[in-house]
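Nothing in this text is a laboratory measurement; each read-out follows from the coordinates by a stated rule. All values reported here derive from a predicted model rather than from experimental measurement. Cβ sites come from the backbone with ideal geometry, for glycine too, and all protein chains shown count toward neighbours.
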Amino acid sequence: MPTRRLAIAFAVIAAGLARAADSAPSLPPPPDRAWVKKLFDGWRAPVPPQHLLANIYYVGASGVSSFLLTTPEGHFLLDTGFADTVPIIQKSVEQLGFNLADIKLIISSHAHIDHVGGHALMKTLTGARVLASGADARTLESGGAEDYIQWPKDTIIYAPVKVDRIVADGERVTLGGVTLTAHLTPGHTRGATTWTMDATADGKVQHVVFFSSASINDGTRLVNNPLFPDLVDQFEATFAKLKALPCDIFFAPHGGQFAMAEKFAGLERGEKSNPFVDPAGWRRLIAGAEKAFRDQWQREQTAAAK
């Protein structure tokens, strides 16, 4: 083909690619394996366990939370981290003076590898029953393969675990006189679950929220997502539900989401009031997550309309 015709052909192709790029939703691409590994490795460092308030203890790693909720008849464990951070949980539980075998119920914020990758091992070590929402139960039993997240599969799969009980929206789970309520808050995963309970801090009953997460993973499309067709509607319902929850104290799957380092430092300084009492922080967290959702939704709608 003559040079001029080649130039014209390439120009036409380039113009077509440019139009396609303009009409495609502006989304961050899914991360590659190296990026995911670097992210996850940064979350695995041990931290000393902490008594937070009442019967609630932090037993997780530096970047992925795990909470021990003790009762006279055995304990809840909320999130197990990665499989290779289970020893951190075990050591923390024992340092606090409790027995790992006394964990009777394992629950979760959402079924991603960094929060439930240790479920199968922890269930083997303790004999505890695993509870989860119906949607997250399917992901747990598939070892992460059923998740809709578009990250490299080998970075998100984990040992499958049998779920012993499905929890419904608003269901109350009681052990040893301690009751947690499950609130299904899908979006981050199909079955993400926010848990609530009441506990006494600063001499009064406080409403405690264990947040499920409501962020949008890189590479996730909101508009016309074939893997999660009603994703936008689910996020809308989730934000409405989260904003309606009474909250004095909140915790989250990642320390940065609830200012863990700063609040742990407040505990160590012996501050008179419990640093975890932070209703304004809860409102900021949810407002920030909702803004990120609405901003991406608007970008995608604008791009799709071109």
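Assigned to a helix (DSSP H, G or I), surrounded by fewer than 18 Cβ atoms within 10 Å (Cβ to Cβ) and not aliphatic (A, V, I, L, M): which single residue out of LYS291, LYS272, LYS263 fits that description?
LYS291
Mind counting the residues in the stretch 194-212 that are within 25 Å of ALA135 (Cβ to Cβ) and touching a Pro at 6+ places or on another chain (Cβ under 9 Å)?
5
Select from the stretch 148-180 the residues that are buried (at least 20 other Cβ atoms within 10 Å of the Cβ) and touching a Lys or Arg at 6+ places or on another chain (Cβ under 8 Å) and list them in ascending order.
Scanning the stretch 148-180 gives VAL161, LEU180.
Out of curiosity, is THR139 in a helix (DSSP H, G or I) and under 24 Å from ALA289 (Cα atoms)?
yes
Search the stretch 262-291 for residues that are free of Cβ contacts under 8 Å to residues at least 60 places away in the same chain and pair each with any residue that is in a strand (DSSP E or B) when their beta-carbon atoms are under 8 Å apart and the residues are at least 6 apart or on different chains.
Between residues of the stretch 262-291 that are free of Cβ contacts under 8 Å to residues at least 60 places away in the same chain and residues that are in a strand (DSSP E or B), the close pairs are ASP278/ILE249; ASP278/PHE250; GLY281/PHE250.
Need the failing condition index for VAL86 against (1) of a type outside the set (Asp, Glu); (2) buried (at least 20 other Cβ atoms within 10 Å of the Cβ); (3) touching a strand residue (DSSP E or B) at 6+ places or on another chain (Cβ under 8 Å); (4) over 24 Å from GLU268 (Cα atoms), just the number.
Only one criterion is unmet by VAL86, namely (3).
Restricting to the stretch 71-83, what's the tally of residues that are over 16 Å from TRP43 (Cα atoms) and surrounded by fewer than 22 Cβ atoms within 10 Å (Cβ to Cβ)?
4
Which pairs have Cβ atoms under 8 Å, sit 6 or more apart or on different chains, and link a residue in the stretch 168-184 that is on the phi > 0 side of the Ramachandran plot and among the aliphatic types (A, V, I, L, M) to one that is part of a strand (DSSP E or B) and exposed (fewer than 14 other Cβ atoms within 10 Å of the Cβ)?
As it stands, the answer is none, since no pair meets every condition given.
State whether the residues of the stretch 108-121 include one that is of a type in the set (D, E, K, R) and either without any contact (Cβ under 8 Å) to a residue 40 or more places away in the chain or outside any helix (DSSP H, G or I) (or both).
Checking the stretch 108-121: not a single residue is of a type in the set (D, E, K, R) and either without any contact (Cβ under 8 Å) to a residue 40 or more places away in the chain or outside any helix (DSSP H, G or I) (or both).
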